[in-house]
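Contents: one structure, followed by commentary.
Any read-out appearing in this document is the output of simple, stated calculations on the displayed coordinates, not a laboratory observation. Note that the structure is a prediction, hence the values are computed from the model and not measured. FYI the Cβ positions are ideal-geometry reconstructions off the backbone, even for glycines, and counts take in every protein chain you see.
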Ligand code: SP5
Ligand code: ZN
C-alpha cells in the first residue's frame, strides 16, 4: 500500500510574495504551487484531508503568546496605516529586540504594530500576509492527522505541510517557517505512547527550530545533515557539528554539516550515520526537505532522486512507525518526483 498523503487545501492560502534579503525584496520561492506539484506526482497514493485539531499540542511546542501573535498580527497590521502609507499589506519587521538591544533589561511590549512585528520574527525574509496563519495552522493539522494515522496503526504517513516548519522555534518564526510541523508531529507521537522519538532532518538547511525545541530533551533525538553553515549558509548561527544538546538532552542532537556541492555518495553516508543515530527509537519523524537536490535554487547540494530513494530505504529499514513531514524544496518541476522517490524508498524498507 502506498504511503497515505495528508494534505489540506487551506495550505495554499499563504502567499509569501517577497523575501526581503540583504535589504532587497526578492520573489518568494515557497509558493502555493508546491502543494499542487507534489500532489500531482503522488496521484497513486491515498489522499486524506487533514482534520481540525485543537491547540493542545501546538501550545505545548510553541509559546501561547507567540501563537496568539501569529494568529492576530496580520489583521492588526491591516488596521494600521501601513497599506495606505507605504502600500505594504505584509507584516515586515524592521527592529528586533535581540540581546544587542535588550542587554538583560526586560523590554516592554511595543505599542506600534511595526515594532511588535520584530518580537516573534527573527528575519526579514518571512513575511506574514492574508492567509498565512490559516495555511500554517492547516499544516499543523496535516502533521497531527498524519500522527493520528500512525497511532492508529499505519506504518507510515506523509504530511504535505506548507508552509514548512523546521526553522520555527518555540518562540518565533523565520526561514519561511511559522509553526514547527515536525516538532508537533514528534510531540504527538510521544503523547500517543512512544517513549522515544527520533527526528531525522533531510532538508538542505539545518532545522534550528526543531533542534532548539528538543535541545534539552532526551526523549526526542534530533539529527540533521545540511549544507555547512560554516561555509556561509542559512541559518548561519546553528547547525555546526559541535552542537550536541544540553542538560537531559546532552548527546541527543547530532549535526552533520556538508560541503557545498556534496552529491549522493557522501550525502548517503551521512544519512546512514543518522539512521544509526535514530536506531532504537520507538518512532521516527522525517523532516523531508527536497531542496538538497541538484536543481534546487536555494541550496548548493547535488543530491539526485535516486539518492532520495536510497535515503528512504535507509530510514524505512529502521522498521518503526514514521511520520514524514514536508519541509523545503523549491524547484517546481522536480519536487514532486523527489518526494515520490523518497516515499517509494521508505515504503520498500531496504
Ligand atoms: C524550509 C527551508 O528550506 N527554508 C529555507 C530558508 C533559507 N532561506 C535562505 C535564503 C537566502 C537567500 N536566498 C536568496 C533568494 C531569495 N529569493
Ligand atoms: Zn531548506
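Key figures
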| item | result |
| --- | --- |
| Members of segment 124-175 found to be within 16 Å of ligand 2 (Cβ to nearest atom), assigned to a strand (DSSP E or B) and surrounded by 24 or more Cβ atoms within 10 Å (Cβ to Cβ), listed by number | 173 |
| Top-ranked residue of segment 278-291 - restricted to ones that are over 17 Å from residue 254 (Cβ atoms) and touching a helix residue (DSSP H, G or I) at 6+ places or on another chain (Cβ under 7 Å), ranked as farthest from ligand 2 (Cβ to nearest atom) | 283 |
| Residue, surrounded by the most Cβ atoms within 10 Å (Cβ to Cβ), within segment 297-327, restricted to residues that are in contact with a strand residue (DSSP E or B) (Cβ under 9 Å, 6 or more places away or on another chain) and in a loop (DSSP other than H, G, I, E, B) | 327 |
| Residue ID - surrounded by the most Cβ atoms within 10 Å (Cβ to Cβ), chosen from residues in segment 228-239 that are within 13 Å of ligand 2 (Cβ to nearest atom) and under 16 Å from the mean Cα position of the chain (by Cα) | 239 |
| Subset of segment 17-43 (residues that are within 20 Å of residue 142 (Cβ to Cβ), within 16 Å of ligand 2 (Cβ to nearest atom) and out of contact with any helix residue (DSSP H, G or I) (no Cβ under 7 Å at 6 or more places or on another chain)) | 30, 31 |
| Sole residue being free of Cβ contacts under 8 Å to residues at least 60 places away in the same chain, surrounded by 14 or more Cβ atoms within 10 Å (Cβ to Cβ) and touching a helix residue (DSSP H, G or I) at 6+ places or on another chain (Cβ under 7 Å), chosen from 53, 14, 69 | 69 |
| Scope segment 16-37; condition within 14 Å of ligand 1 (Cβ to nearest atom) and over 15 Å from residue 124 (Cα atoms); matching residues | 31, 34 |
| Considering residues of segment 176-227 that are within 14 Å of ligand 2 (Cβ to nearest atom), under 13 Å from the mean Cα position of the chain (by Cα) and part of a strand (DSSP E or B) only, the residue nearest to residue 67 (Cα to Cα) | 177 |
